[in-house]
Amino acid sequence: MRTLRPQARTPRGLLGALGAVLAIFTLVASLVTAAAPAQADTTLCEPFGTTTIQGRYVVQNNRWGSSATQCVTATDTGFRVTQADGSVPTNGAPKSYPSVFNGCHYTTCSPGTNLPARLDTVSRAPSSISYGFVDGAVYNASYDIWLDPTARTDGVNRTEIMIWFNRVGPIQPIGSPVGTATVGGRTWEVWSGGNGSNDVLSFVAPSAITGWSFDVMDFVRATVARGLAGEDWYLTSVQAGFEPWQNGAGLAVNSFSSTVETGGTPGGEDPDPGGPGGATACAVSYGTNVWQGGFTADVTVTNTGTAPVDGWRLAFTLPSGQRITNAWNASVTPTSGAVTATGASHNARIAPGGSLSFGFQGTYGGAFTEPTGFRLNDTACTTM
């Protein structure tokens, strides 16, 4: 960097030019600062280190099967494995399960979660994932879904459901194959076995799945149908990540979302429409204008309840390939995957029976589709 020496004489015109350059530099610096992400990436190298993303999910390093160093870096929308030293035999357990989750795992619960939730009160549990794979490693990319007869928030649950989106190398699930099944519109190879104190039911994709939006309850119901859980059991967590046996640096969950919609009463009786767990308290209208490679969305949120909604947050997941470039009348973050729109100071309240609108512009690749599963302050909304 060039330094101005005090003893040097500088013409007045040059001083003015230097002042203008400094003003421009200051403006650019402030713009860069304003554009920086609200939360810096966090790297975890402690074996069981955790951090929170999006204010609602927990990223965990979860290195339990090896003493070799493993580090994960949490991003705004997921995480990536930045260091994965060492290896373990492929005929045994993996070295870790770096992952992100909604719910309770051992003694850690994600912020604002409504898990554990009794299965017969859950109507849907939509989840979305976008994976990043690498070469030169042995691993699976998998969901881990936990069920238990009690609403426990610590320790190992009774039944574990695994969904293998990808399998690389000579590895296999716990137990043995018991046939195939069609779940969520896809065909899976099914494995069943035990892992000490818990049962494990695994659904293995015949070929790699890099991203998918689906209902976790489809797999839960398939597990109940096989007698490995009951309708009066509890869903305690929905997790997504990787089980590496060898290496694994570069593996990434690019984006993740998980919500659990409840409203039924234990035993399957219909709730009182006027009481808790009754009719949804919000409705969303989502209108779009689409052209090749781009679109705008106009979103109207209506409070159909009897109390005002203050500090509103509307959560939804953008379909794969869509990215927001700018928004108006609301802040929408992050720019892709599971996003949350929040009101500005002038529209932070939605009165009973009232509505507000906001919009955004974005880009997309492939076929254009609209998001589903809108939630206003963690309450599922109907769509209009």
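Considering all C-alpha pairs of the stretch 42-262, those separated by over 28 Å amount to 21%.
Hey, with R₀ at 41 Å, roughly what FRET efficiency would THR300 and THR90 work out to, going by the Cβ-Cβ distance, to 0.05? Using R0 = 41 Å, I get an efficiency of 0.20. A simple count of charges around ALA330, restricted to other residues whose Cβ falls under 14 Å of its Cβ and scoring Lys, Arg +1 and Asp, Glu -1, yields +1. Seen against the Cα atoms of the chain and their longest principal axis, helix 12-35 is set at about 10 degrees.
Dipole orientation for the chain: of the candidates GLY250, ALA141, SER130, GLY250 has the Cα lying most toward the positive pole (charges on Cβ; Lys, Arg +1; Asp, Glu -1). With each label modelled as a point 7 angstrom along the Cα→C-beta vector, the SER123-MET384 pair spans 1.8 nm.
Using a Förster radius of 35 Å, what is the FRET efficiency between SER285 and GLU231 based on their Cβ-Cβ separation? Nearest 0.05, please. Plugging the Cβ-Cβ distance into 1/(1 + (r/R0)^6) gives 0.50. Taking amide H as placed 1.01 Å from N in the peptide plane, the amide H of VAL183 sits under 5 Å from that of TRP188, each at least 5 places away or on another chain. Can you give me the angle between helix 216-225 and the longest principal axis of the chain, using Cα atoms only, in degrees from 0 to 90, rounded to the nearest 10? Around 10 degrees separate the two axes. Take the Kirkwood radius over Cα pairs of the stretch 166-207, plug it into Stokes-Einstein at 4 °C and 1.567 mPa s, and you get 118 µm²/s for translational diffusion. Hey, any idea what the orientation-averaged projected area of the convex hull of the stretch 155-256's Cα atoms comes to, in nm²? Dividing the Cα hull surface by four gives the mean projection, 7.3 nm².
Tell me which of CYS282, ILE350, THR259 sits at the most positive position along the dipole axis of the chain, charges placed on C-beta atoms (Lys, Arg +1; Asp, Glu -1). The residue sitting farthest along the positive end of the dipole is ILE350. Secondary-structure-derived ellipticity at 222 nm for the chain, considering helices only, amounts to -3000 deg cm²/dmol, per-run term -39500 (n - 2.57) for DSSP H runs with n ≥ 4. Gyration tensor analysis over the Cα atoms of the stretch 282-383 returns equivalent ellipsoid semi-axes of 24, 13, 11 Å (largest first, whole Å). With each label modelled as a point 7 angstrom along the Cα→C-beta vector, the ASP310-THR363 pair spans 4.1 nm. Taking the Kirkwood radius as Rh and the Cα radius of gyration as Rg, the chain has a ratio of Rg/Rh equal to 1.05.
Each of THR52 and ALA249 was given a label point 7 Å from its Cα along the Cα-to-Cβ line. The distance between the two points is 3.2 nm. The length gained on full extension between SER67 and ILE209, counted as 0.36 nm times the residue separation minus their Cα-Cα distance, comes to 48.1 nm. Extension gain for the segment THR182 to THR342, taken as residue separation times 0.36 nm less the Cα-Cα distance, is 53.8 nm to one decimal.
Using a cutoff of 8 angstrom between alpha carbon atoms and counting only pairs six or more residues apart, the relative contact order for the chain works out to 16 percent.
Readers should treat all values here as calculations from the given coordinates under stated rules, not as data from a laboratory. Since we're looking at a predicted model, the values are computed, not measured. For neighbour counting, all protein chains shown are included, and Cβ atoms are generated from backbone atoms with ideal geometry for every residue, glycine included.
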